[in-house]
Amino acid sequence: MAKIAIVFHSAYGHTRKQAEAVLAGASLVPGATAELIAIDADGHITDDQWATLGAADAIIFGSPTYMGGPSWQFKKFADASSKPWFGQAWKDKIGAGFTNSASMNGDKFSTIQYMITLAMQHSMVWIGTGLMPSNTKAATRNDINYVAGFSGALAQSPSDSSPDEGPVPGDLETAKQFATRVAAYAVKTLG
Ligand SMILES: Cc1cc2nc3c(=O)[nH]c(=O)nc-3n(C[C@H](O)[C@H](O)[C@H](O)COP(=O)(O)O)c2cc1C
């Protein structure tokens, strides 16, 4: 079985909804198992969760975009990953990422770019969405990859939305299809 770990932070619950869609998408793939690891409000995960990351074949990073980058809790987790980094323990694992924010753009790419850099420091192999953007005149807001992320899955939650209302359904479906791709690739390349 290919093991997929989804490690994410969410302060208000919107990015958690995106993470749950990622979990659903990864879990669709025969031969893959997926699990969520929530970074807590202090930026911590447990020793068992670090062990889960160490045993994973693919790690999918998730964070809201705050002030044009990942949340400080995600960054604290990333800094703590310097421990496995010293021995390059995550080398050759698949890496991928997702982010959610209030604005359509909102500098989400800066967050994804940071996750790519983190993955490269760990010598991981990055995989993007593999999803074409919905950008024609006929496109509507809930079409797949309307926010048009290639490097990572992007979602938008209106600033006055509850987690039940945002991310919007099309962005959750985009997250799901992205994760299916990551998990299928992990299964394909396992062993
Ligand atoms: C401190 C802070 C900074 C934020 N910065 C941005 C930003 O740079 N771009 C943006 O589009 N939204 C920004 N937002 C909005 C959040 O990204 C948005 O509310 C998101 O859905 C929160 O995710 P969460 O519920 O998982 O914490 C910011 C929100 C907070 C609280």
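The values are calculated or read from the model by the stated rules, or taken from the named source; none is laboratory data. If you're wondering where the values come from, they're calculated on a predicted model, not measured in any experiment. No Cβ is skipped: glycine too gets one built from the backbone with ideal geometry, and neighbour counts run over all protein chains shown.
Could you list all residues from segment 3-33 that are touching a helix residue (DSSP H, G or I) at 6+ places or on another chain (Cβ under 7 Å) and within 11 Å of the ligand (Cβ to nearest atom)?
8, 9, 10, 17, 18
Is it the case that residue 90 is touching a Pro at 6+ places or on another chain (Cβ under 7 Å), modelled with pLDDT of 95 or more and surrounded by 15 or more Cβ atoms within 10 Å (Cβ to Cβ)?
Numbers: touching a Pro at 6+ places or on another chain (Cβ under 7 Å): yes; modelled with pLDDT of 95 or more: yes; surrounded by 15 or more Cβ atoms within 10 Å (Cβ to Cβ): yes.
Spelling it out, residue 90 is indeed touching a Pro at 6+ places or on another chain (Cβ under 7 Å), modelled with pLDDT of 95 or more and surrounded by 15 or more Cβ atoms within 10 Å (Cβ to Cβ).
Would you mind finding the one in 183, 179, 89, 175 that is part of a helix (DSSP H, G or I) and more than 20 Å from residue 9 (Cα to Cα)?
On the way: 179 fails: more than 20 Å from residue 9 (Cα to Cα); 89 fails: part of a helix (DSSP H, G or I); 175 fails: more than 20 Å from residue 9 (Cα to Cα).
Result of the check over 183, 179, 89, 175: 183.
Name the residue that is farthest from residue 21 (Cα to Cα), counting only residues in segment 63-77 that are buried (at least 24 other Cβ atoms within 10 Å of the Cβ) and more than 9 Å from the ligand (Cβ to nearest atom). Break it down stepwise before answering.
Just the residues of segment 63-77 that are buried (at least 24 other Cβ atoms within 10 Å of the Cβ), to begin with: 63-65, 70, 74, 77.
Among the residues that remain, those that are also more than 9 Å from the ligand (Cβ to nearest atom) are: 70, 74, 77.
Working: 70: 19, 74: 19, 77: 22 Å.
It comes out as 77.
Can you find even one residue in segment 7-21 that is in a strand (DSSP E or B), at pLDDT 95 or above and surrounded by 19 or more Cβ atoms within 10 Å (Cβ to Cβ)? Full working, then the answer.
First pass over segment 7-21, keeping only residues in a strand (DSSP E or B): 7-8.
Remaining after also requiring at pLDDT 95 or above: 7-8.
With surrounded by 19 or more Cβ atoms within 10 Å (Cβ to Cβ) added as a condition, the list becomes 7-8.
Yes: one or more hits.
Scan (1) small (Gly, Ala, Ser); (2) assigned to a strand (DSSP E or B); (3) surrounded by fewer than 19 Cβ atoms within 10 Å (Cβ to Cβ) for the single condition residue 41 breaks and write down its number.
That leaves (2) as the condition not met.
Anything in segment 150-178 that is out of contact with any Phe, Trp or Tyr (no Cβ under 8 Å at 6 or more places or on another chain), within 15 Å of the ligand (Cβ to nearest atom) and closer than 19 Å to residue 112 by Cα? List them, or say none.
Across segment 150-178, the qualifying residues are 156, 157, 167, 172.
Criterion first (aliphatic (A, V, I, L, M), under 24 Å from residue 185 (Cα atoms) and either in contact with a Pro (Cβ under 9 Å, 6 or more places away or on another chain) or crowded, with 17+ Cβ neighbours inside 10 Å (or both)) does residue 34 satisfy it?
Values: aliphatic (A, V, I, L, M): yes; under 24 Å from residue 185 (Cα atoms): yes; either in contact with a Pro (Cβ under 9 Å, 6 or more places away or on another chain) or crowded, with 17+ Cβ neighbours inside 10 Å (or both): yes.
Answer is yes for this residue.
Could you count how many residues in segment 102-125 are of a type outside the set (A, V, I, L, M), touching a residue at least 40 places away in the same chain (Cβ under 8 Å) and within 15 Å of the ligand (Cβ to nearest atom)? Break it down stepwise before answering.
Going through segment 102-125, the residues of a type outside the set (A, V, I, L, M) turn out to be 103, 105-111, 113-114, 117, 121-123.
Within this subset, residues satisfying the condition of being touching a residue at least 40 places away in the same chain (Cβ under 8 Å) are 103, 106-111, 114, 122.
With within 15 Å of the ligand (Cβ to nearest atom) added as a condition, the list becomes 103, 106-111, 114.
Here the count works out to 8.
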